[in-house]
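Beneath this line is the structure, given in structure tokens, with notes to follow.
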Amino acid sequence: MTNKTILFTLLFFCSNLFAQPEVVFNDLGQKINYQQADVFISTPPLLEWIASKSSTLELDVDTEGHEKEFDFQTNDNPTLPDPVLQTDMGTRQFKTLTVNFDGQYGTAPPPDPTGAAGPNHYVQAVNRTFCVYSKTGVPYTPEIDFTTFFPMDSGYNNSGDPIVMYDRHADRYFLSFLQLYPNKLFIAISQTNDPTGSYYIYGFTFTDFPDFPKFSVWWDGYYFTSNIPGPNDQSTAVVERSKMLIGDPTAQLITMSVPGWNWMALPSDADGPLPPAYSPCYLFHILDDQVAGDQDMIVVSDFFVNWNQPQYSVILPSDSIAVAPFTVNYSQAYETVLQPNNELISALPHMPCIRAQHLRFYDHNSVILTQTIMADAGNSAVRWYELRDQNDGNWELHQQGTFNPDNSDRWFSSAAMDDQGNICLAYSYCDGPNGVFPGIRYTGRLASDPLNQMTFEEKICVEGLSSQENLNRYGDYSHMALDQNGKTFWFTGEYIGPNGDQRTRIFSTQIIDWYELGIDEVDVEMIINYHNDIIQIQLEQLGNDMVYVDLIDIQGKIILTEQAVPVQNSLNHQMITPSLPAGIYFIRVGNPNFQEVKRILIE
């Protein structure tokens, strides 16, 4: 089959075949734009698809500005001491990193590294390429140019800001990429859990450029926010997950604005069990008092989407949570990090860092957030938060901290929590006055540790080897993802190699509750078998406390709950189920102190 035949057979994109964008206002006066995809392609396997196309584009400069003028007040007081400042280093020790290797360098600065792990692969994207790796760091593909992978329109295609996610609930990979002139968002969904296989590709057109998008997985959609200012814009959006997963070309995009916001929020991103069906997607917006007024705070909004009648979609303010005072340095170009060569690089301190990870436990839900602030000593530091709700959507601050043990610069952080409530936090690191070049470091805490503290000793992932020269853009973000096993953290971020080269690094590690017991490796593996409407569940090393056993569908609905008591630290439980339609389900075993979640496919 020739390349032309492949393209003619598989390419299905024409704006005349799709519904035109519609604009309505809901009862609150919020502007709603909704439309179907104007690009849809079902591709052959990845390498065959790429081989059938050719790229003539030469793109080597990322000119996205991520700039916005602030009309802020001046009631921020940088002389106030930070009440949650952590100035001492933790003493707990990490296990040795499972993997630690160089990722792609990127073809356009800054690299914008992002990545996620599925059952057998890790996928990393940078500006403007992506690559599929084994979980030991062996590349399964070459570096693939997004402008070749996606059907970019002719014209000026300065594109970037990739995002990679692994949708553990559907067992699929998600890749996104932007095009400028015309303004388009492209999304690819893998058709299986093999990211080297076939994809469904969707394209959506925007009136304004949806700069700096930050995506999340939720039960009813892939939500995202972007940096489009204005009262009636498209800054908050969602695409129709259920249709995209099955390759339905009528998948919709709904975009809305959040009145009164001065900068982008983060949508809640579901790890572990999905949130209960019909839960709104929670949007978290960290507001500096220079923008918000009298109080530094986290504002929570609820995004309710109605796919059948988009005009009834709505974003409602939910909670305003006061946090410890912090200061953000709004210097010109946000240049706040001093390198050994005395040149400054940008930490984008006003931006929320990827991602708002959402974890569902038995007696609460947790969300992890991080940002870059100005520490009392004037350097950049990481502020982190854990918010909780009691399964009721009313969010409260559970703990917070500013990690600044030595007054060095730490920025572009990303954090995640595992299924046991332990947190791993990684970030860029530089100590210009003492000759330490921009690199990557990490720390963490156990769920049982005292609140507001990172209790693990900071470790080096990779040291920088030189300073970046004649360019202030750095990052522009990093990405911590949780493996589908619920235990392993995967991080990718930027560091500076020799001769000022912008490089990226990928590492994985675990923090385990059994650390205190001196056990090097504990594998709590749940074994599930399904036959004739009976689910057999086996789980070892549980302890002897009573546990709940839940059967949950792919939309987060609990179908069945039972109680069980382990015998000699082992669980052997039968769950007799109603006749279940074919599809993806989850078994969750746990109690307020423990949980293990495993996906099950019923055919």
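Is it the case that region 378-385 has a residue that's assigned by TED's automatic domain parsing to the domain that holds GLN36, in contact with a helix residue (DSSP H, G or I) (Cβ under 7 Å, 6 or more places away or on another chain) and under 28 Å from GLY464 (Cα atoms)?
For region 378-385, residues assigned by TED's automatic domain parsing to the domain that holds GLN36, in contact with a helix residue (DSSP H, G or I) (Cβ under 7 Å, 6 or more places away or on another chain) and under 28 Å from GLY464 (Cα atoms): absent.
So which of ASP376, ASP431, ASP409, ASP392 is of a type in the set (D, E, K, R) and under 29 Å from ARG360 (Cα atoms)?
Matching residue, one of ASP376, ASP431, ASP409, ASP392: ASP392.
Mind checking which residues of region 204-223 are under 16 Å from TYR166 (Cβ atoms) and in contact with an Asp or Glu (Cβ under 6 Å, 6 or more places away or on another chain)?
Across region 204-223, the qualifying residues are SER216, VAL217.
Does ILE496 satisfy the criteria of being loosely packed, with under 12 Cβ neighbours inside 10 Å and modelled with pLDDT of 90 or more?
no
Taking the condition crowded, with 19+ Cβ neighbours inside 10 Å and within 26 Å of PRO81 (Cα to Cα), does PHE412 pass?
Answer is yes for this residue.
Conditions (1) part of a loop (DSSP other than H, G, I, E, B); (2) touching a residue at least 60 places away in the same chain (Cβ under 8 Å); (3) buried (at least 23 other Cβ atoms within 10 Å of the Cβ), marked per residue:
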{"residue": "TYR278", "(1), (2), (3)": "yes, no, no"}
{"residue": "GLN295", "(1), (2), (3)": "yes, no, no"}
{"residue": "ILE298", "(1), (2), (3)": "no, yes, yes"}
{"residue": "ASP302", "(1), (2), (3)": "no, yes, no"}
{"residue": "PRO317", "(1), (2), (3)": "no, no, no"}
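Being buried (at least 18 other Cβ atoms within 10 Å of the Cβ), over 17 Å from the mean Cα position of the chain (by Cα) and of a type in the set (Gly, Ala, Ser) narrows it down to one residue among SER176, SER134, SER159; which is it?
SER159
Quick one: SER346 ticks every box in (1) surrounded by fewer than 20 Cβ atoms within 10 Å (Cβ to Cβ); (2) modelled with pLDDT under 95 except a single one, so which number is it?
Condition (1) is where SER346 drops out.
For region 419-436, which positions are part of a strand (DSSP E or B) and either touching a helix residue (DSSP H, G or I) at 6+ places or on another chain (Cβ under 7 Å) or surrounded by 22 or more Cβ atoms within 10 Å (Cβ to Cβ) (or both)?
ILE423, CYS424, LEU425, ALA426, TYR427, SER428, TYR429, CYS430
Which of the residues that make up region 524-574 are of a type in the set (Val, Ile, Thr), in a strand (DSSP E or B) and free of Cβ contacts under 8 Å to residues at least 60 places away in the same chain?
ILE527, ILE534, ILE537, VAL547, VAL549, ILE559, THR561, VAL567
For the condition without any contact (Cβ under 8 Å) to a residue 40 or more places away in the chain, in contact with a Lys or Arg (Cβ under 8 Å, 6 or more places away or on another chain) and not hydrophobic (A, V, I, L, M, F, W, C), what is the one hit in ARG388, ARG410?
It is ARG410.
Every residue in region 440-468 that is assigned to a loop (DSSP other than H, G, I, E, B), modelled with pLDDT of 95 or more and small (Gly, Ala, Ser), please.
Within region 440-468, GLY464, SER466, SER467 meet the criteria.
Within region 363-385, is there a residue that is assigned to a strand (DSSP E or B), within 22 Å of GLN93 (Cβ to Cβ) and not β-branched (Val, Ile, Thr)?
Checked region 363-385: at least one residue is assigned to a strand (DSSP E or B), within 22 Å of GLN93 (Cβ to Cβ) and not β-branched (Val, Ile, Thr).
Being closer than 26 Å to THR455 by Cα, of a type in the set (Phe, Trp, Tyr) and part of a loop (DSSP other than H, G, I, E, B) is the filter here, so list the residues in region 469-516 that pass it.
TYR477
A quick yes/no check of all residues on (1) surrounded by 13 or more Cβ atoms within 10 Å (Cβ to Cβ); (2) at pLDDT 85 or above; (3) not in a strand (DSSP E or B):
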site: PHE40; (1), (2), (3): yes, yes, no
site: SER55; (1), (2), (3): yes, no, yes
site: LYS68; (1), (2), (3): yes, no, yes
site: ASP71; (1), (2), (3): no, no, yes
site: THR74; (1), (2), (3): no, no, yes
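If you go through region 446-465 one residue at a time, do you hit one that is over 20 Å from LEU369 (Cβ atoms) and in contact with a helix residue (DSSP H, G or I) (Cβ under 6 Å, 6 or more places away or on another chain)?
Yes, region 446-465 has at least one match.
Regarding region 408-418, can at least one residue be identified that is over 17 Å from PHE491 (Cβ atoms), of a type outside the set (A, V, I, L, M, F, W, C), in contact with a Leu (Cβ under 9 Å, 6 or more places away or on another chain) and at pLDDT 95 or above?
yes
Evaluate region 563-579: report whether one residue or more is within 16 Å of LEU601 (Cα to Cα) and of a type in the set (Ser, Thr, Tyr).
Scanning region 563-579 turns up at least one residue that is within 16 Å of LEU601 (Cα to Cα) and of a type in the set (Ser, Thr, Tyr).
Would you check if ASN306 is part of a loop (DSSP other than H, G, I, E, B), of a type outside the set (A, V, I, L, M) and modelled with pLDDT of 90 or more?
yes
What pairs can you find where one residue is in region 190-211 and more than 14 Å from THR43 (Cα to Cα), the other is assigned to a loop (DSSP other than H, G, I, E, B) and of a type in the set (Ser, Thr, Tyr), and their Cβ atoms are less than 7 Å apart, with a gap of 6+ or different chains?
Here the result reads PRO210/SER226; ASP211/SER226, each pair linking region 190-211 to a residue that is assigned to a loop (DSSP other than H, G, I, E, B) and of a type in the set (Ser, Thr, Tyr).
The values are calculated or read from the model by the stated rules, or taken from the named source; none is laboratory data. Remember, it's a predicted structure, so these values are computed and weren't measured experimentally. Note that we place each Cβ from the backbone using ideal geometry, even for glycine, and neighbour counts take in every protein chain shown.
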